[in-house]
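Take a look at the structure set out below.
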Amino acid sequence: MDRFRVIQRPMRDQLGEGLLWAPRENAIYWVDILWQALHRLSLDDEIMTSWPMPEKIGWVVERRDRSGFIAGLQSGFSELTLNPVVCRRIVNPEPQYPHNRLNDAAVDRHGRIWAGTMDCDARLETGSLYRLDADFKVSRRDTGYIVTNGPVFTPAYDFMYHNDTAHGVVYRFAVTPDGELHDKKEFLSFPQEWGKPDGMTVDAQGCLWIAHWGGARVSRFDPDGDLERLIRLPTSQITNCVFAGTELDRLFVTSAAVGRETEPFAGSLFEIDPGGVKGLAPQYFAG
């Protein structure tokens with residue numbers, strides 16, 4: 001494989017996002033937020049399956065002891081099963097902001113979901129960071145964002161990274177052993193020529209990989225915030241990345257075609273060669 005390859009499929013994503021490695025299926029899932037679709041790519045045979053969603057969807061995560069997923073929809077957290085598609089609302093964390101939606105999420109080692117919200121027009125600072133516990137209790141943990149992205153945890157779960165794409169800033173929180181956040185600090189501020197920080201993942205060495213919206217690349221930063229490497233891609237709006245495969249040594253990347261329809265590879269799904277680096281096994285929601 002060259003430094004990257006384009007996964008061949010019959011469509012492009014308007015806003016590809018929310019990559020998930022599902023080891024029990026040897027497959028990756030991701031969403032097209034604007035086309036309101038959930039996609040699945042089998043890594044056994046590269047057969048792709050898609051399901052229409054009833055509204056904008058930002059992500060899905062697997063459940064530890066039950067079938068199906070928890071999904072982040074515009075209307076809030078929902079239980080989701082496929083074939084047929086059935087959504088059951090859990091909770092809307094922001095009924096006061098009907099124009100907000102859930103945008104990105106991660107699961108911590110306690111099996112709780114951390115997910116951010118954002119203004120659908122990406123203009124207002126109405127976004128917040130929430131935690132959904134196994135008993136479906138939801139609590140707000142941080143606020144004041146325009147476009148939330150990440151969140152991701154370090155291998156020891158002692159830090160969490162979370163960003164505001166619109167402001168071009170990546171934050172780092174210290175995490176207590178019982179999973180509480182404290183000591184929020186600015187970890188990175190993107191210069192204009194980098195684009196904006198979008199989706200992220202952390203590898204087994206504790207380095208942070210960031211998709212660059214408007215920057216046509218994925219970059220790897222060490223725990224001190226120093227740029228360790230970058231991989232350029234043939235379209236500008238790179239949105240998310242995840243390690244996958246039985247050895248966690250395959251890096252998949254989504255992109256967006258919205259506003260960039262003239263770019264031949266906009267909205268493509270890519271596989272990147274991570275240069276011998278491996279990722280972290282995913283956590284499952286405990287509820």
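The values are calculated or read from the model by the stated rules, or taken from the named source; none is laboratory data. Keep in mind it's a predicted model, so treat the numbers as computed, not measured. Heads up, the Cβs are rebuilt from the backbone with ideal geometry, glycines too, and the neighbour counts pull from every protein chain shown. Just so you know, the surface numbers come from the protein's heavy atoms only, side chains and all, with ligands and any DNA or RNA stripped out. Shrake-Rupley method; radii C 1.70, N 1.55, O 1.52, S 1.80 Å.
Some points to look at:
- Verdict on Leu248 being within 30 Å of Leu132 (Cα to Cα), touching a residue at least 40 places away in the same chain (Cβ under 8 Å) and open to solvent by 10 Å² or more (accessible area, probe 1.4 Å): yes
- Asp65 satisfies every condition listed in (1) acidic (Asp, Glu); (2) open to solvent by 10 Å² or more (accessible area, probe 1.4 Å); (3) closer than 25 Å to Phe252 by Cα except (3).
- Being assigned to a strand (DSSP E or B) and of a type in the set (D, E, K, R) is a property that does not hold for Arg24.
- Pairing each residue of the range 155-178 that is of a type in the set (D, E, K, R) with any residue that is in a strand (DSSP E or B), provided the two are 6+ apart or on different chains, yields C-beta distances under 6 Å for Asp158/Val175; Asp164/Tyr145; Arg172/Phe159; Arg172/Tyr161; Arg172/Lys185; Arg172/Phe187.
- The lone criterion from (1) touching a residue at least 60 places away in the same chain (Cβ under 8 Å); (2) in contact with a Leu (Cβ under 9 Å, 6 or more places away or on another chain); (3) among the small types (Gly, Ala, Ser) left unmet by Gly111 is number (2).
- Residue selected from the range 203-213 under the condition open to solvent by 50 Å² or more (accessible area, probe 1.4 Å) and not in a strand (DSSP E or B), by the criterion farthest from Gly18 (Cα to Cα): Gln205
- Filtered by the rule that a residue be acidic (Asp, Glu), crowded, with 17+ Cβ neighbours inside 10 Å and either in a loop (DSSP other than H, G, I, E, B) or touching a Gly at 6+ places or on another chain (Cβ under 8 Å) (or both), the range 251-275 gives a lone residue, Glu263.
- One residue from Gly195, Gly199 being under 14 Å from the mean Cα position of the chain (by Cα), surrounded by 20 or more Cβ atoms within 10 Å (Cβ to Cβ) and either closer than 30 Å to Gly267 by Cα or at pLDDT below 95 (or both): Gly199
- Entry remark, the range 222-238: residues being surrounded by 15 or more Cβ atoms within 10 Å (Cβ to Cβ) and touching a Leu at 6+ places or on another chain (Cβ under 7 Å) number 0 in total.
- Residue match in the range 216-234 (condition: in contact (Cβ under 8 Å) with a residue 60 or more places away in the chain, on the phi > 0 side of the Ramachandran plot and in a loop (DSSP other than H, G, I, E, B)): no
- Across the range 172-187, not a single residue is classified as buried (at least 20 other Cβ atoms within 10 Å of the Cβ) and of a type in the set (Ser, Thr, Tyr).
- Within the range 113-139, tally of residues that are charged (D, E, K, R) and more than 17 Å from Gly58 (Cβ to Cβ): 5
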